[in-house]
Amino acid sequence: MTDLRVHIGVTTLKNPILTASGTFGYGPEFEPYLNLHALGGFCTKGISLEPRAGNPGVRIVETPSGMLNSIGLENCGSRVFLDEMLPKIAAYDTAIIVNFYAHSEEDFVKLAATLSESDRIDALEMNLSCPNVKQGGSVFGADPRLIESLTAAVRKVTKKTLIVKLSPNVTDITVTARAAEAGGADAVSLINTLIGAAVDRRTRRFTLGNKIGGLSGPAIKPVALRMVWQTARVVKIPVIGIGGIATLGDVIDFLLVGARAVQVGSANFVNPGVAQDLVEGLDRYLAERGETLDALIGSVQE
């Protein structure tokens, strides 16, 4: 095989294909559909300090070329994850990246420290799309000052690779990316979902129980591609591209504009084995061209 290794912080990925948080469960759910050992890594669904039931009512609705979700970050909580879920995935020969979230800086720090107790967790991905209850409900990911201070606080309690997942629902994503870098992040991942809504014309009600949700899928790829390109030009740390990646062509596009790795999200619902297909496809693509992964990354002509 072509050398597909990628270095993100202190973590070495065997290839740049990851699966995105919230679309891959905890990992074992996808064992029947693909060889998890073949992946560069996978991101668990978002973990909080305590278990969370998630949002009531309709949680997912299909949209043209995508989907809206309002799961509400349902998860088993940090203790159950470490004691019961992690042992089930520890033997996978791939990087385990734990996505985590909280509603205050104190809880982010406590959770990062708790997750860092495990040697088997390779990296932490900090989800900044939650409201800060101590700042009047403002979203962490919308305030560069909060991002820098929060990242710095978490950085102090973990030596693991720290990835900051950025929201696209901001005026200028390069500002928030620089804030994460200044705070000590090893990488940034982008983009998280765009905020959207859907209505049922028959009942004249919002379709989702929570009214609004996160838009993902092929519809958001152009936005994601633009933001990844802009961010990769202004930060020195690796950028992980997310948003509408479903084909080998999509992977190549994100690598061309500067992403060092990519995460596959909504496409997992269409083809549960797509991530392995993309690993094999990227290997063939580079081998046929006699090109290295490093030569491909960031090679778009401006």
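Against the definition (within 30 Å of Gly25 (Cβ to Cβ), crowded, with 16+ Cβ neighbours inside 10 Å and either without any contact (Cβ under 8 Å) to a residue 12 or more places away in the chain or in contact with a strand residue (DSSP E or B) (Cβ under 7 Å, 6 or more places away or on another chain) (or both)), how does Arg260 come out, yes or no? Taking the combined requirement at face value, the residue satisfies it.
When you look at Val270, is it farther than 14 Å from Leu18 by Cα, touching a strand residue (DSSP E or B) at 6+ places or on another chain (Cβ under 9 Å) and either of a type in the set (Ser, Thr, Tyr) or surrounded by fewer than 20 Cβ atoms within 10 Å (Cβ to Cβ) (or both), yes or no? Criteria not met by Val270. Any residue at all in the stretch 251-272 that's more than 27 Å from Asn69 (Cβ to Cβ), part of a loop (DSSP other than H, G, I, E, B) and either aliphatic (A, V, I, L, M) or in contact with a Cys (Cβ under 8 Å, 6 or more places away or on another chain) (or both)? Within the stretch 251-272 (the criterion being more than 27 Å from Asn69 (Cβ to Cβ), part of a loop (DSSP other than H, G, I, E, B) and either aliphatic (A, V, I, L, M) or in contact with a Cys (Cβ under 8 Å, 6 or more places away or on another chain) (or both)), the answer is no, since none of the residues qualifies.
From the set of residues in the stretch 121-144 that are among the charged types (D, E, K, R) and at pLDDT below 95, which is surrounded by the fewest Cβ atoms within 10 Å (Cβ to Cβ)? That would be Lys134.
The values are calculated or read from the model by the stated rules, or taken from the named source; none is laboratory data. Bear in mind that the values here come from a model prediction, so they are computed numbers and not experimental data. Glycine also receives a Cβ, built like all others from the backbone with ideal geometry; neighbour counts cover every protein chain displayed.
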